[in-house]
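Participant: Here it is, the structure in full.
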Amino acid sequence: MSNERPRASARDDEYEIVVVEHGSLVSTRTSAFLNFVDYAEPDEAFDFSYYFWVVRNAHRTVVVDTGFSRAGAEARKRTVLADPRTVFAELGLQPDMQTTVVISHAHYDHIGNLDYFTEADVVVAQAEYDFWRSPQSQHAQLRHFVDQIDIDTLESVAAEGRLRTVGERTQIAPGIDVIPGPGHTPGELMVLVQTNVGPILLTADAVHFDEELERDMPFRHMCSLTDSYDTYAVVKGLLASGEAAQFVAGHEPSVMSRFENRAGDLEHTVTIGRRSRDATRPASSTRPQEREVHA
């Protein structure tokens, strides 16, 4: 990447989204969808992809989720396609970069490398932060999806004054809103990003797969089924109104063939709303002098 400073005319509220597929799993439809037997359909092989997203323009970079750690992936027999820490460095994201990281939820495959970013401000839902520190989160059917080391990292971020918690739709930067999408977890967050191809809704695991939304077909693991249906309605409403032009589901394999890619890009990435290189590299990364912090 070029080290040239970006043009001052680059828009403050419009971004490109780098989609990074860092892992995969070959599973079954029975393992993907809740009570699949009730659909009276044959079980088949079903692919999962694992992503994180880098939202950037000339003014700022926002990282949405940090992927799974190698240890977390290996413990659960997931295929590692690219080490997120290596990809962060290849994208110019250094550990001491004063940026913003949005954690959609605290499952191992979305928060596994949070400790890489030692200076970043971290945004998470208050409900998510509270739940994983509560006794109720210790039940085996819930705890399988988190690693204590990641929860400890989140608590360290809070102790350092770098944690911002949200409880409702919130603009975290010009052109970037976080939107609650509970169901899969109590405090799941989605991220709505303005791009030059329209507003893109990153659902993370509020919607895992396209089919999940199309058929109101919940994922196998849900903290609240009724909240999930409500979240599906929110996503459909955003799409119907045009507030979101497209959605990108959290584990949908077809994402990697849906958007443009060009020679010279990093392996395992595609870019949505591509901007010129001098319109995506921040001139500097400084922490805001004032920020709302809750712990």
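Bear in mind that the values in this text are calculations on the coordinates, not laboratory data. In this text the structure is predicted, and so the values were computed from the model without any measurement. In this analysis, Cβ positions are derived from the backbone assuming ideal geometry, glycine residues included, and neighbour counts consider all displayed protein chains.
Participant: So is residue 102 within 16 Å of the chain's Cα centre (by Cα) and more than 17 Å from residue 186 (Cβ to Cβ) or not? Even if it seems obvious, please write down each step before you answer.
Facilitator: Details: within 16 Å of the chain's Cα centre (by Cα): yes; more than 17 Å from residue 186 (Cβ to Cβ): no.
So residue 102 does not fit the description; no.
Participant: What is the residue count in segment 214-226 for residues that are under 19 Å from the mean Cα position of the chain (by Cα) and either among the aromatic types (Phe, Trp, Tyr) or closer than 17 Å to residue 189 by Cβ (or both)?
Facilitator: Total satisfying the criteria: 3.
Participant: OK, next. If we keep just the residues of segment 37-70 that are free of Cβ contacts under 8 Å to residues at least 24 places away in the same chain and either in a helix (DSSP H, G or I) or within 19 Å of residue 102 (Cα to Cα) (or both), which is nearest to the chain's Cα centre (by Cα)? Lay out the reasoning, then the answer.
Facilitator: Of the residues in segment 37-70, the ones free of Cβ contacts under 8 Å to residues at least 24 places away in the same chain are 37-38, 40-46, 70.
Keeping just the survivors that are either in a helix (DSSP H, G or I) or within 19 Å of residue 102 (Cα to Cα) (or both) gives 37-38, 70.
On the way: 37: 30, 38: 30, 70: 18 Å.
Residue satisfying both the conditions and the ranking: 70.
Participant: Looking at (1) closer than 20 Å to residue 222 by Cβ; (2) in contact with a Pro (Cβ under 8 Å, 6 or more places away or on another chain); (3) of a type outside the set (Phe, Trp, Tyr); (4) buried (at least 22 other Cβ atoms within 10 Å of the Cβ), which one does residue 103 not meet, given that it meets all the others?
Facilitator: For residue 103, the failing item is (2).
Participant: Going through segment 103-158 one residue at a time, which ones are touching a residue at least 60 places away in the same chain (Cβ under 8 Å), of a type in the set (Gly, Ala, Ser) and in a helix (DSSP H, G or I)?
Facilitator: 127, 158
Participant: For residue 117, all conditions in the list (1) within 21 Å of residue 182 (Cβ to Cβ); (2) crowded, with 24+ Cβ neighbours inside 10 Å; (3) over 15 Å from the mean Cα position of the chain (by Cα) hold save one; what is the number of the exception?
Facilitator: If we test residue 117 against (1) within 21 Å of residue 182 (Cβ to Cβ); (2) crowded, with 24+ Cβ neighbours inside 10 Å; (3) over 15 Å from the mean Cα position of the chain (by Cα), just (1) comes out false.
Participant: Determine which member of the set 187, 161, 183 is crowded, with 20+ Cβ neighbours inside 10 Å, part of a loop (DSSP other than H, G, I, E, B), at positive phi and not charged (D, E, K, R). Break it down stepwise before answering.
Facilitator: On the way: 187 fails: at positive phi; 161 fails: crowded, with 20+ Cβ neighbours inside 10 Å.
That would be 183, the only listed residue that is crowded, with 20+ Cβ neighbours inside 10 Å, part of a loop (DSSP other than H, G, I, E, B), at positive phi and not charged (D, E, K, R).
Participant: What number of residues within segment 219-242 are in a helix (DSSP H, G or I), of a type in the set (S, T, N, Q) and surrounded by fewer than 19 Cβ atoms within 10 Å (Cβ to Cβ)?
Facilitator: Count: 2.
Participant: I've got another one for you. Please determine, by comparing only the residues of segment 34-74 that are among the hydrophobic types (A, V, I, L, M, F, W, C) and touching a helix residue (DSSP H, G or I) at 6+ places or on another chain (Cβ under 7 Å), which one is farthest from residue 270 (Cα to Cα). Steps first, please.
Facilitator: Residues of segment 34-74 among the hydrophobic types (A, V, I, L, M, F, W, C): 34, 36-37, 40, 45-46, 48, 52-55, 58, 62-64, 68, 71, 73.
Still in the list and also touching a helix residue (DSSP H, G or I) at 6+ places or on another chain (Cβ under 7 Å): 36, 46, 52, 58, 68.
Values: 36: 31, 46: 22, 52: 11, 58: 19, 68: 19 Å.
Looking at residues that are among the hydrophobic types (A, V, I, L, M, F, W, C) and touching a helix residue (DSSP H, G or I) at 6+ places or on another chain (Cβ under 7 Å), I get 36.
Participant: Still on this structure: Consider segment 18-36. How many of its residues are part of a strand (DSSP E or B), more than 30 Å from residue 194 (Cβ to Cβ) and either in contact with a Pro (Cβ under 9 Å, 6 or more places away or on another chain) or polar (S, T, N, Q) (or both)?
Facilitator: Of the residues in that region, 3 qualify.
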